[in-house]
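J.: I'd like to ask some things about the structure below.
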Amino acid sequence: MTQSVTLQDSHSATDHAPIRRPWRWHIAVFLAPALLVYSALMIIPLAETLRLSLFSSKDQVISFVGLQNFITLFGDPRWSESFWRALWNNTYFFLIHMLVQNPIGIALAALLSLPRLRWRSFYRTAFFMPTMLSFVIVGFVWKLILSPLWGVAPSILAAIGLKSLFGPWLGQEATALTALSLISVWQYIGIPMMLIYAALLSIPDEVIEAAECDGVTGLAQFWKIKLPLVLPAIGLVSILTFVGNFNAFDLIYVSQGALAGPQFSTDILGTFLYRTFFGYQLQLGDPHMGATIATVMFFIILAVVSFYLLVVQRRIRRYQF
Amino acid sequence: MERKTFRAAALGATALVAGMAMWSLSAAADVTLTIESWRNDDLPIWQDKIIPAFEAKNPGIKVVFSPTAPTEYNAALNAKLDAGTAGDLITCRPFDASLELFKKGHLAPVNDVKGMENFGSVARSGWTTDDGKTTFCVPMASVIHGFIYNQEAFDKLGISEPKTEDEFFAALEKIKADGTYIPLALGTADQWEAATMGYQNIGPNYWKGEEGRLALIAGKQKLTDPQWVEPFQVLARWSAYMGDGYKAQTYPDSQNLFALGRAAIYPAGSWDIALFNQQAEFKMGAFYPPVKKAGDPCYISDHVDIALGMNAKGAHPEETKTFLEWVASPEFATIYANALPGFFSLSGQPVTLEDPLATEFVGWRKDCKTTIRSTYQVLSRGTPNLENETWGASANVLNGTETPEQAAARLQKGLDSWYKPAQ
């Protein structure tokens, strides 16, 4: 007993004394697992990609070429044409998501959060279902639905007398990218819906009740009260959509192949990167040009995300309840 | 205490015996060779016919056939070879893709494999270094292009095999007018189908086979010359006879259309024969690409397509060599050519074929001059890659988004940007 008292005393004595603190090992120990795993899986591959883009291989000899690969990518008309086309297609892909996926996602979330809705959890699950499906299944099923030979789309349209509206959408340059964007919207609509639904649920009842007392109900309540309150969530959804779309690859690859036909009209940065990096059919892969494209993609995404975090997000007004 | 020691000793002894048993088992276990391939359609044939025939003769060697999807094969194989996880036997694409693998040291030379003397220089050409000294894959088979047709449809409509371009279009017109069948089973969604079954199928008749192909490599002819543009012009006329929505029609769609009896003519590669034999329930016939005028000499694409090489870093070089020697033997040629009608042996040894359709295809070798696909040798070495560009061009011409002249001009421009023929 006495021993412990003296121990405690001496301990409190050191606390008060202005001597150096022991090095705090536990911080490093606690940080280490996350830091190691993150470095091994993210930082090192990323750095390696950046490094790879500064080299070039000719006749099995790898040499440092500085920024030459970037000059080729932007300066050589063949490369730059493919690159700008992929970037534009990607932007279009993103715009469709912003114009279709997110508004519908918000609308669905608003409907789901109506207090007197029946079958709520059924709808919620049903809308979220496609998001959980594998992109392989989604690509394959939609390709089959839209197939002019075996698909159900032509017969359904024929049944309601609109057969003339049907076209081989995935095979036409003018429509293929839009069709694929809408398929992707269908698949991922659940994500904005869920995030915004959660944000809507977190609005306190007092705020809604106060609005009702002031006579703000129905649609006006949505526009004037709820929407401003979920704006931060919408911002988050937008940036997630952006990152997701600019890293997209799977759906296009599954339904159109690595050549992103017809005539590269569905070629986005992801498929362009894949084709360059791994090669396709007789075209051999070029890891260095591929890494160059990957680097450019990384910087595009980095720039937009930084812009969002540093400029946009600070201006969104947040309400504390 | 004593009992405990005894128990521990017994346990240790058991473990030791078990360990030794396992060790000796693994030592006596068979060597397993893995074949990398893009021919996933052939999996049952390798498993049921080819591999058992080899294993019966070579006890102690097990062979596993492990295919990848055709369009992903090159990329996947390169990645596996770089990582050192590729199989012992590598199925070789012809020309530069495999040459590159050899130069990187992934493929071992096969000059000293017994039986290589059975293959002529044309057969070896797809897998030999530019100086002609080293061959790095054992040639397995070539494929021939032509047209397969639905015999019942032809009989019903009173059409006979077209020999000339005019007869060909007359036949298409007749089938279209009748309306029962889609005249041509061809789609542009996969692009390669348009180029391989379209442009490379009928092209040799216009550019005169090897003559034009070698002149193109030598720089004496250009893709904008009439003999190279004309196949595109003929191709452009095909689109009127292709199925509804052909722009979104994939290669398997085309195969199904024909096999289900909904299309009358299928621009074919001979590798389709096996599938159609299995699935089509009607009688089929075949004709070679129609010539321009009656009496013109005919040319067919008899493309060296597939060979088997040896992973230079494989774990079992001796057993791998044994397998390759067997692949070079007439026994393999006969099994392979008959198990896979439509893949014609490149071996100089005579091979007897049983399949009537395949016999018809291979019979054209007697009547027509043979060539290989124009874009494969040398011309697809640079960027843009002429073969891949030709896919796009053929699909565009069929889709009507590019005129034949524009397509040819674009191809030539792309080729000029990197290819400087030795003058």
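J.: Need the failing condition index for A:SER265 against (1) open to solvent by less than 20 Å² (accessible area, probe 1.4 Å); (2) touching a Leu at 6+ places or on another chain (Cβ under 8 Å); (3) more than 23 Å from B:TYR246 (Cβ to Cβ), just the number.
T.: (3)
J.: For the stretch B:358-401, which residues satisfy the criterion of being in contact with a Gly (Cβ under 8 Å, 6 or more places away or on another chain) and of a type in the set (A, V, I, L, M, F, W, C)?
T.: B:ALA358, B:PHE361, B:TRP364, B:ILE372, B:LEU386, B:ALA395, B:LEU398
J.: Quick one: which strands (runs of 3 or more DSSP E) sit completely within the stretch B:220-336 and have at least 2 residues that are touching a helix residue (DSSP H, G or I) at 6+ places or on another chain (Cβ under 7 Å) and open to solvent by 10 Å² or more (accessible area, probe 1.4 Å)?
T.: Answer list for the stretch B:220-336: B:299-311.
J.: What about B:THR390, is it within 11 Å of chain A (Cβ to nearest Cβ) and not in a loop (DSSP other than H, G, I, E, B)?
T.: Answer is yes for this residue.
J.: Is it fair to say A:ALA107 is closer than 30 Å to A:PRO228 by Cβ, open to solvent by 40 Å² or more (accessible area, probe 1.4 Å) and in a helix (DSSP H, G or I)?
T.: yes
J.: Here are the criteria: (1) of a type in the set (D, E, K, R); (2) open to solvent by less than 50 Å² (accessible area, probe 1.4 Å); (3) within 22 Å of B:CYS368 (Cβ to Cβ). Tell me which single one B:GLU210 does not satisfy.
T.: Unmet for B:GLU210, out of (1) of a type in the set (D, E, K, R); (2) open to solvent by less than 50 Å² (accessible area, probe 1.4 Å); (3) within 22 Å of B:CYS368 (Cβ to Cβ): (2).
J.: Further, regarding this structure: Considering only residues that are assigned to a loop (DSSP other than H, G, I, E, B), under 20 Å from A:ALA174 (Cβ atoms) and of a type in the set (A, V, I, L, M, F, W, C), look in the stretch A:231-284 and name the one that is nearest to the other protein chains (Cβ to nearest Cβ).
T.: A:LEU259
J.: Given the criteria assigned to a loop (DSSP other than H, G, I, E, B) and either open to solvent by less than 60 Å² (accessible area, probe 1.4 Å) or at positive phi (or both), does B:ALA123 qualify?
T.: The answer is no for B:ALA123.
J.: Right, here's the next one. Which members of the stretch A:301-321 meet the condition of being modelled with pLDDT under 85 and surrounded by 10 or more Cβ atoms within 10 Å (Cβ to Cβ)?
T.: Scanning the stretch A:301-321 gives A:GLN313, A:ILE316, A:TYR319.
J.: Read through the list (1) facing another protein chain (nearest Cβ under 10 Å); (2) in a helix (DSSP H, G or I), then give the number of the only condition that B:GLU405 fails.
T.: Among (1) facing another protein chain (nearest Cβ under 10 Å); (2) in a helix (DSSP H, G or I), the lone unmet condition for B:GLU405 is (1).
Conditions (1) at pLDDT 90 or above; (2) farther than 30 Å from B:THR188 by Cβ; (3) in contact with a helix residue (DSSP H, G or I) (Cβ under 7 Å, 6 or more places away or on another chain), marked per residue:
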{"site": "A:LEU112", "(1), (2), (3)": "yes, yes, yes"}
{"site": "A:VAL138", "(1), (2), (3)": "yes, no, yes"}
{"site": "A:LEU146", "(1), (2), (3)": "yes, no, yes"}
{"site": "A:ALA158", "(1), (2), (3)": "no, no, no"}
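J.: Same structure again: For the stretch A:45-102, how many residues meet the condition of being farther than 30 Å from B:GLN412 by Cβ, at pLDDT 95 or above and open to solvent by 60 Å² or more (accessible area, probe 1.4 Å)?
T.: Qualifying residue count for the region: 3.
The values are calculated or read from the model by the stated rules, or taken from the named source; none is laboratory data. Everything numeric in this text was worked out from a predicted model, so none of it was measured. Glycine gets a Cβ as well: all are built from the backbone with ideal geometry, and neighbour counts include every protein chain shown. The area values use the complete protein model at the heavy-atom level, side chains included, leaving out ligands, DNA and RNA. Shrake-Rupley method; radii C 1.70, N 1.55, O 1.52, S 1.80 Å.
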